[in-house]
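Worksheet: one structure, shown below.
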Amino acid sequence: MKLISKTKVLLTLSLVSVSIFFLYFLGYPKETIPSYSPEENTNTANIPKPNGKSNLVFSILKTGEAKTLEGFVIEGGSVFKTVTVAHSAFYIQHPKGNFLFDTGLGTKVKEQFQVFPLYLKLLMDYKPFQTANEQLESNGIAPTSIQDVFFSHLHWDHASGLKDFPLANIHSLPDELNHPKIELGYIPSQFDGDSIKWSHLKFSNKPYASYAKSIDWYGDGTVVFVPMKGHSEGSVGLFLHTANGEVFFLTGDIVWRKEGFTESKHKPRGARWIVDFDTASLGEEIARVHHLIQNNPKLQIIPAHDHDVQSALGFYPAVVGK
């Protein structure tokens with residue numbers, strides 16, 4: 001009987017180990033999403049209607065994109081299917097004032113991106129399009145006219161264009177500045193310096209649907225910010241009630257594809273290691289939004305990077321909610 005060589009044994013063990021690690025990296029076994037548990041002082045998952053008729057509309061400004069495998073953006077996704085990741089800003093138009101939610105990739109993104117180590121450059125590679133300020137300016141809207149820019153969080157692909165709007169008040173949760181490390185997806189040069197007009201968000205103890213705290217920005221129920229747990233230390237979501245009666249929920253990076261909420265799935269484990277702050281609380285947030293969708297079947301969820309959802313609504317200068 002011919003003995004198997006030591007080299008073949010080592011090669012086989014190496015291949016098996018790499019395969020197991022790859023499957024674990026993609027999210028196998030899957031992370032359990034907990035059952036939804038209401039926060040204290042919340043007793044409903046029904047989204048309140050605005051006070052009177054809304055005249056709000058918004059647009060999605062795609063500032064860049066990336067192509068990747070589905071398995072790299074959602075747990076259990078296919079490694080044979082390619083999907084597009086959008087890097088977008090959202091331009092909200094309201095009779096009391098227009099503002100941006102996130103800025104996407106800005107004018108200095110190429111220079112900013114160079115601070116990342118090689119492994120992050122490979123994982124986060126992108127194709128830039130027109131920046132948010134360029135798109136607005138080409139349609140007659142001066143960047144200096146934007147008085148407020150809100151952020152779902154301050155990771156590089158959301159805050160890259162922050163300094164492209166020098167006169168704007170910059171709204172985020174102060175916890176976003178606790179640990180803005182490069183290895184966690186932040187680029188400090190995007191939001192450092194004394195020129196930034198910080199106006200940190202302060203949530204009131206006023207419940208909104210299943211959220212115990214909220215900010216009704218204009219006081220009419222059409223623009224409502226809520227704190228969202230898990231992805232970063234200070235992530236923020238935004239409910240929009242549009243002129244045509246529809247309701248949209250901009251959810252930042254809690255999940256990267258809508259299926260994460262509808263099917264209760266995390267990002268792949270390897271992605272969570274890099275970009276997510278706390279997996280346990282992130283699972284609770286996914287469960288909460290899943291519950292919201294079940295109780296509000298007409299609610300339209302827009303994850304910050306879900307190109308399929310965003311392209312179906314149309315990119316700027318298309319207007320959503322007319």
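Starting with the fewest neighbours, write out Phe191, Phe261, Phe80 ranked by other beta-carbon atoms found within 10 Å of each beta-carbon. Mind dumping the intermediate values first?
On the way: Phe191 20, Phe261 24, Phe80 8.
Starting with the residue having the fewest Cβ neighbours, the order is Phe80, Phe191, Phe261.
Lysines near Lys265 by alpha-carbon distance under 18 Å, same-chain residues fewer than 8 away left out - which ones?
Straight-distance partners of Lys265: Lys30, Lys81, Lys229.
What's the local net charge at Gly230, with K and R +1, D and E -1, over the other residues with C-beta under 12 Å away?
-3
Between (1) 85, 46, 36; (2) 98, 36, 35; (3) 50, 39, 36, which entry matches Cα extents along the principal axes in Å as derived from the coordinates of this structure?
Read-out from the structure maps to (1).
Using only Cα atoms, find the angle between the long axis of helix 279-295 and the longest principal axis of the chain, and express it within 0 to 90 degrees, rounded to the nearest 10.
Between helix and principal axis, roughly 60 degrees.
Determine the alpha carbon to alpha carbon distance for each of Lys62/Lys267; Lys67/Lys110; Lys163/Lys267 and list only those over 24 Å.
With Cα atoms farther than 24 Å apart: Lys163/Lys267.
Extension gain Lys197-Asp125, at 0.36 nm per residue separation less the Cα-Cα distance, in nm?
22.9 nm
Local charge sum around Thr103 (other residues, Cβ-Cβ under 15 Å, Lys/Arg +1, Asp/Glu -1)? Spell out each step's value before the answer.
Details: positive: Lys62, Lys108, Lys163, Lys197; negative: Asp102, Glu134, Glu137, Asp148, Asp157, Asp164, Glu176, Asp253.
Within the 15 Å Cβ shell, the charges total -4.
Evaluate E = 1/(1 + (r/R0)^6) for Leu10 and Lys67, where r is the Cβ-Cβ distance and R0 equals 51 Å; express this FRET efficiency to the nearest 0.05.
0.90
What is the helix-to-structure angle for 6-26, meaning the angle in degrees between its Cα long axis and the longest Cα principal axis of the chain, kept from 0 to 90 and rounded to the nearest 10?
Orientation of helix 6-26: about 20 degrees from the principal axis.
Grab the other residues whose beta carbon is less than 9 angstrom from that of Ser152, score K and R as +1, D and E as -1, and report the net.
Counting the neighbours of Ser152, the net charge comes to -2.
Let me know the whole percent of all Cα-Cα pairs from region 46-193 that are separated by more than 27 Å.
The answer is 29 percent, as a whole percent.
Which of Trp273, Trp156 has the fewest other C-beta atoms within 10 Å, and how do the rest follow up to the most?
Trp273, Trp156
Could you work out the relative contact order of the chain, using alpha carbon pairs under 8 angstrom and six or more residues apart, expressed as a whole percent? The partial results should precede the final answer.
On the way: 704 pairs, mean separation 75.6, N = 322.
For the chain, the relative contact order is 23 percent.
All of the numbers you see were taken from the coordinates with simple rules; none came from a lab. Everything numeric here is computed off the predicted structure, so don't read it as measured data. Every residue, glycine as well, gets a Cβ built from its backbone with ideal geometry; the counts of neighbours run over all protein chains shown.
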